[in-house]
Protein chains: 2
Amino acid sequence: MYSREIEALLQKKGIVPGDTVRVVSNRKSFEGVLLPRPEFGDQDALVIKLKNGYNIGLELKRGSKIERLQREKESFAFPRVKLEKKEGLPDVAIVSTGGTIESKVDYVTGAVHMLVEPEEMLAQVPEILDVANFKVVSPMRIASEDMTYKNWQEIARAVAKALSDSHGVMVTHGTDTMHYTAAALSFMLEGVNGPVVLTGAQRSVDRGSSDAFMNLLCSAHMAAKGNVAEVGICMHANASDSYCNFMRGTKVRKLHTTRRDAFRSVNGRPIARVDTHGNIEYMDESRKRRSEGGRMRVVPGYEPRVALLKFYPNSDPEIIDFYIDRGYKGIIIEGTGMGHVAVAPTDGKLSWLGHIKRAVESGMVVGMTSQCLNGRVNANVYRNLRLISGTGAVYCEDMLPEVALVKLGWLLGNHKRTEAANLLAKNIAGEITERTEIDWD
Amino acid sequence: MYSREIEALLQKKGIVPGDTVRVVSNRKSFEGVLLPRPEFGDQDALVIKLKNGYNIGLELKRGSKIERLQREKESFAFPRVKLEKKEGLPDVAIVSTGGTIESKVDYVTGAVHMLVEPEEMLAQVPEILDVANFKVVSPMRIASEDMTYKNWQEIARAVAKALSDSHGVMVTHGTDTMHYTAAALSFMLEGVNGPVVLTGAQRSVDRGSSDAFMNLLCSAHMAAKGNVAEVGICMHANASDSYCNFMRGTKVRKLHTTRRDAFRSVNGRPIARVDTHGNIEYMDESRKRRSEGGRMRVVPGYEPRVALLKFYPNSDPEIIDFYIDRGYKGIIIEGTGMGHVAVAPTDGKLSWLGHIKRAVESGMVVGMTSQCLNGRVNANVYRNLRLISGTGAVYCEDMLPEVALVKLGWLLGNHKRTEAANLLAKNIAGEITERTEIDWD
């Protein structure tokens, strides 16, 4: 909110954020779009987005003036691009699913809404039209926190269809659960035979600092000519705008709430770095090349009755019973360290160890991962670990907890229980790295 | 396990891992302790720990010989130090609680057991006796995955008592839940007036690569002369043995399963770095100095009916009812991104949003954190976030989920519900950093 004085003035003039205005301050005149006051900043300064894209704060003093040039609706219709076929360019499909990258700020509430059509999104980065010929499909337009496995299945089908006549596919997606979707696609797209590039934005496209433009452009290059047959996430690699990383979909995690380089490879390195000019530097020689891509098949089965539980001091292991009672088929536990849970009974009650044993006996698949995120679980180092793995819990090597969850749901959706348990700790889509000496560094 | 041939030979000779042996291999003679075969390695090589500390693998071929020089028990009694008062040295108390730092490998099973007495532990780093005069108390000797809030309370009392006549206190502790205990002590030791230094080891003290020695020595220096009045964790700062970091107890997390530099400051920087020579470089000017320490008071109250839940795609929000039914007083949610959960109902059922609303209405305190770990939650950026915070859920700024859990249990153990909710997002022990521009980098 602006200060009471400014609010009163704006109200009197009928001006709302989003309107294009002319402000005279200190005898200088400025034209631009009135923004809502930034959350941290001077209450007494109007913030205007100038035509050149910069925001400026203007103090309203005696002698200052403000007038409206254009109403909000008119000023915020983004231009759209017309998708015309250009000769000699590779084909890239965009599977648009929603998220901040397809959003703009609602200048009345200051919150971000999902409003931008994919064609508007591309219009923000006109040079992208020289990278590839695009076609856009949009199976859904939702915030990524609302994604479910049904959306993953839809996206998998849309990607497979699109990939049949494109060099690569971009999937625009909200960042919050992008790594869950990336993991799901990694398993559901069996024998993927081209680059499947998920991308998004940490800041909406109408903000000067938006990462959308560069993420779109780098992802387009990766999809248009990347020599990979893998699912990955392509986002800012660092705080500057120097390049993006293309990170394996089963080895990546959102590790910051707001930074543009929030996505990081965990327990592995990025597959490639790619810049806005289309330079691609491959960093992982073990990557699957396009030529290795087989006949792609969508394997969409998914058992949603799988849970991800975190063990922590004083946590009640009877939570496991809650899931047994509901007919859950699998549980992934985020243990501490190398995969620990409490082994000693507390107040005469069964410990986590006892409840895990009961879950396995009831027919559940129980997988153990680490809340450390980095590194590998190991059932052999400590006595307590041996006790836990002795229950039949599967130690999931260096797999991320979220990836283990998605993998277990997918395994149980397509395989019998015993087979699913056997496959859980075996590498299928790059989610498990062979042991290396480096782990023990 | 060794190969069947070696096992047979050892059995015939009555030799077990842990025995001191002489092996003749390739006409050379080696003396040392027979180790169990390392998990990854040649089955046909005996592994001997030489007197100089190195391990060597020796192939047993025709002409090789092995004989026992000393039985296991005799060879593995560690020396103990005698704690004698030296003039002019500061007093440091060690509160020993268990963990790998107080453990050695069981050479029969190959697993790590808790066997080392604190005086044996110090004997591994004899130079530590020139740093301070030590006294040792040991309220418990347990693996840290078995710690509960009752242990936290005991440790808090032991630390407070010890600090009354020492410059500082070291707490030796298992690494798995060390950061949970560090958070608990940060809240329970109100007005802490000296350095409280938690330390541990990622490798047991009888391994050549153990980090115990350096961690003990650096922690002793920090406790003996650190000009801080804070609870922190002091562990290896990097993969080499150059120095340790002393990290604020409410801003630190175990972020690798096995690396010696597994503990990292999150959303803040270490308070100081300290080396084995006792050089201390302070890195955080905002730290509380010894002179600022007030009258210390133990505030041990803790409400254990608090839960930490992670939201993820397809997760069932009815888990919240499980905790309501059990009379829980508070829940910390690890949302995605800036603090999201699903807002859209799935299959006609109440969404996470609806269940959070119900929990708050039932009298629970609900706190929102981020599974990104790094960065800050923010209820104002997206429409869905506004809906969630509209339920009365408390957005916990840049507090780590585990710290928020411990803080909420502590608040509810010492305050009424409303006050606890009010204090949750206010800084008490360095767990919340004021907003900075850097967050938005």
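The values are calculated or read from the model by the stated rules, or taken from the named source; none is laboratory data. Because the structure is a prediction, the values reported are computed rather than measured. Positions of Cβ are backbone-derived with ideal geometry, glycine not excepted, and every protein chain shown enters the neighbour counts.
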- Message: For B:LYS150, only one of the following conditions fails: (1) at pLDDT 90 or above; (2) crowded, with 23+ Cβ neighbours inside 10 Å; (3) within 14 Å of chain A (Cβ to nearest Cβ). What is its number?
- Response: (2)
- Message: Being part of a loop (DSSP other than H, G, I, E, B) and surrounded by fewer than 24 Cβ atoms within 10 Å (Cβ to Cβ) is the filter here; which residues of the stretch A:246-256 pass it?
- Response: A:LEU255
- Please work out which residue is farthest from the other protein chains (Cβ to nearest Cβ), limiting yourself to the stretch B:318-342 and to residues that are crowded, with 19+ Cβ neighbours inside 10 Å and assigned to a loop (DSSP other than H, G, I, E, B). B:LYS329
- Note on the structure: Note on B:ALA307: of the conditions (1) at pLDDT below 95; (2) facing another protein chain (nearest Cβ under 8 Å), unmet is (1)
- Message: Being surrounded by fewer than 24 Cβ atoms within 10 Å (Cβ to Cβ) and in contact with a Phe, Trp or Tyr (Cβ under 9 Å, 6 or more places away or on another chain) narrows it down to one residue among A:ASN414, A:ASN374; which is it?
- Response: A:ASN414
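Okay, residues lined up against (1) outside any loop (DSSP other than H, G, I, E, B); (2) touching a strand residue (DSSP E or B) at 6+ places or on another chain (Cβ under 6 Å); (3) of a type in the set (S, T, N, Q); (4) outside the structural domain of A:LEU189 (by TED's automatic domain parsing):
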| site | (1), (2), (3), (4) |
| --- | --- |
| A:LEU408 | yes, yes, no, yes |
| A:GLY413 | yes, no, no, yes |
| A:ALA420 | yes, yes, no, yes |
| A:LEU423 | yes, no, no, yes |
| A:ILE428 | no, no, no, yes |
| A:GLU431 | no, no, no, yes |
- Query: Does A:GLY301 count as assigned to a loop (DSSP other than H, G, I, E, B), touching a residue at least 24 places away in the same chain (Cβ under 8 Å), more than 9 Å from chain B (Cβ to nearest Cβ) and surrounded by fewer than 22 Cβ atoms within 10 Å (Cβ to Cβ)?
  - Reply: yes
- Message: Filter the stretch A:131-147 down to the residues that are within 14 Å of chain B (Cβ to nearest Cβ) and touching a Pro at 6+ places or on another chain (Cβ under 7 Å) and list them by number.
- Response: A:MET147
- Which listed residue, of B:VAL197, B:VAL205, is under 19 Å from B:GLY293 (Cβ atoms) and in contact with a Phe, Trp or Tyr (Cβ under 9 Å, 6 or more places away or on another chain): B:VAL197
- Message: If A:SER242 meets every condition in (1) modelled with pLDDT under 95; (2) within 14 Å of chain B (Cβ to nearest Cβ) apart from one, which number is that one?
- Response: (2)
- Task: List the number of the failed condition for B:THR369; all other conditions in (1) under 14 Å from B:LEU308 (Cα atoms); (2) at the interface with chain A (Cβ under 8 Å from one of its Cβ atoms); (3) buried (at least 24 other Cβ atoms within 10 Å of the Cβ) hold.
- Result: (2)
- Selection from the stretch A:294-335 of residues of a type in the set (S, T, N, Q) and more than 19 Å from B:ASP316 (Cβ to Cβ) yields A:ASN314
- Item | Conditions (1) assigned to a loop (DSSP other than H, G, I, E, B); (2) closer than 22 Å to A:MET368 by Cα; (3) not assigned by TED's automatic domain parsing to the domain that holds A:MET338; number of the one not met by A:ASN314 | (3)
- Item | Scan of the stretch A:250-293 for residues that are of a type in the set (Phe, Trp, Tyr) and farther than 20 Å from A:GLY168 by Cα, ordered by number | A:PHE263
- With the condition kept exactly as written, say whether any residue in the stretch B:218-237 is under 29 Å from B:LEU50 (Cβ atoms) and out of contact with any strand residue (DSSP E or B) (no Cβ under 8 Å at 6 or more places or on another chain). no
- Message: Residues that are under 26 Å from the mean Cα position of the chain (by Cα), farther than 23 Å from B:LYS288 by Cβ, outside any strand (DSSP E or B) and within 11 Å of chain A (Cβ to nearest Cβ): does the stretch B:379-402 have at least one?
- Response: yes
- Here are A:GLU127, A:GLU120, A:GLU67: which of them is modelled with pLDDT of 80 or more, within 21 Å of A:SER219 (Cα to Cα) and among the acidic types (Asp, Glu)? A:GLU127
- Note on the structure: By residue number, the members of the stretch A:280-298 that are part of a strand (DSSP E or B) and surrounded by 14 or more Cβ atoms within 10 Å (Cβ to Cβ) are A:ILE280, A:TYR282, A:VAL298
- Query: Which residues, counting only those in the stretch B:174-196, are assigned to a loop (DSSP other than H, G, I, E, B), out of contact with any Pro (no Cβ under 9 Å at 6 or more places or on another chain) and within 14 Å of chain A (Cβ to nearest Cβ)?
  - Reply: B:GLY174, B:THR175, B:ASP176
- Query: Of the residues that make up the stretch B:277-292, is at least one among the polar types (S, T, N, Q) and closer than 14 Å to B:GLY430 by Cβ?
  - Reply: yes
- Query: How do the pairs read when you match residues in the stretch A:12-23 that are over 15 Å from A:LEU60 (Cα atoms) and assigned by TED's automatic domain parsing to the domain that holds A:VAL47 with residues anywhere that are surrounded by fewer than 20 Cβ atoms within 10 Å (Cβ to Cβ) and among the hydroxyl-bearing types (Ser, Thr, Tyr), using Cβ under 6 Å and keeping only pairs 6 or more apart or on different chains?
  - Reply: A:THR20/A:SER75
- aliphatic (A, V, I, L, M), in a strand (DSSP E or B) and more than 14 Å from every other protein chain (Cβ to nearest Cβ) - does that describe any residue in the stretch B:257-279? yes
- Note on the structure: Checked the stretch A:345-366 for anything within 14 Å of chain B (Cβ to nearest Cβ) and touching a strand residue (DSSP E or B) at 6+ places or on another chain (Cβ under 9 Å); matches are A:TRP352, A:ILE356
- Message: Which of the numbered conditions does B:TYR107 fail, given that it passes all the others? Conditions: (1) modelled with pLDDT of 85 or more; (2) aromatic (Phe, Trp, Tyr); (3) crowded, with 19+ Cβ neighbours inside 10 Å.
- Response: (1)
